[in-house]
Amino acid sequence: MPKEGLNCQQQSLSKSEATEISGLQSIVDSKSTLCCIPMTFGEMKTNEINQLNIYSTQQRQAIRYFYRGATELEIDAAERINLPGSLMEYAGIDKDVVLFAYQNQIEIWAKDKYDEMLDNEPDEFGSIAESIFGGIKPLGNLHDPM
């Protein structure tokens, strides 16, 4: 049965899984990182973007920023993804990379930039985490009897 998309939590793909994925789309992030998404997810995002109003300055900018650097990537027979030189240059990738997978995407970072980002945790991170996660009710209570 063909896969609907890429499970970004996977460490590697079998040859059959790699051939079942229609491809990846790469988009650039505002922090000099690359973001790879499955083509099916990219098509969904494109449909959302196409609903924006091109006569609104803010929405037109969002369209431009979403599509800048957008490149279709192919997985080759050896299960590799070759990044175009222009994207590698944009992301500052010259040797080591970090792949950070979550939800329906994989961020590709130059290792030194990723390490720098981790070292620069915002001072207000505790407040940010509390405002985002503080009101979320846990899925289960560890103290409840089963």
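The values are calculated or read from the model by the stated rules, or taken from the named source; none is laboratory data. All values reported here derive from a predicted model rather than from experimental measurement. Virtual Cβ from ideal backbone geometry, glycine too; neighbours counted across all protein chains shown.
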Exercise. Please work out which residue is modelled with the lowest pLDDT, limiting yourself to the range 125-146 and to residues that are among the hydrophobic types (A, V, I, L, M, F, W, C) and farther than 24 Å from residue 100 by Cα.
Key: 146
Exercise. Please indicate, with yes or no, whether at least one residue in the range 22-34 is farther than 30 Å from residue 112 by Cα and modelled with pLDDT under 65.
Key: yes
Quiz item: Among all residue pairs at least 6 apart or on different chains, which show Cβ distances below 7 Å where the first residue, located in the range 110-124, is over 14 Å from residue 100 (Cα atoms) and the second is surrounded by 10 or more Cβ atoms within 10 Å (Cβ to Cβ)?
Solution: 122/128
Exercise. Among residues belonging to the range 80-100 that are part of a helix (DSSP H, G or I) and touching a Leu at 6+ places or on another chain (Cβ under 8 Å), point out the one that is surrounded by the most Cβ atoms within 10 Å (Cβ to Cβ).
Key: 91
Quiz prompt | Complete set of residues in the range 55-79 that are in a loop (DSSP other than H, G, I, E, B) and within 17 Å of the chain's Cα centre (by Cα) | solution = 68, 69, 70, 74
Quiz item: With respect to residue 52, is the statement that it is in a loop (DSSP other than H, G, I, E, B) and either surrounded by 11 or more Cβ atoms within 10 Å (Cβ to Cβ) or within 18 Å of the chain's Cα centre (by Cα) (or both) true?
Solution: yes
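Tell me which residues, restricted to the range 97-114, are of a type outside the set (S, T, N, Q), in contact with a Phe, Trp or Tyr (Cβ under 9 Å, 6 or more places away or on another chain) and over 20 Å from residue 82 (Cβ atoms). Give the steps one after another, and end with the answer.
First pass over the range 97-114, keeping only residues of a type outside the set (S, T, N, Q): 97-102, 106-114.
Filter again for in contact with a Phe, Trp or Tyr (Cβ under 9 Å, 6 or more places away or on another chain), leaving 97-100, 106-109, 114.
Answer for the range 97-114, where residues must be of a type outside the set (S, T, N, Q), in contact with a Phe, Trp or Tyr (Cβ under 9 Å, 6 or more places away or on another chain) and over 20 Å from residue 82 (Cβ atoms): just 114.
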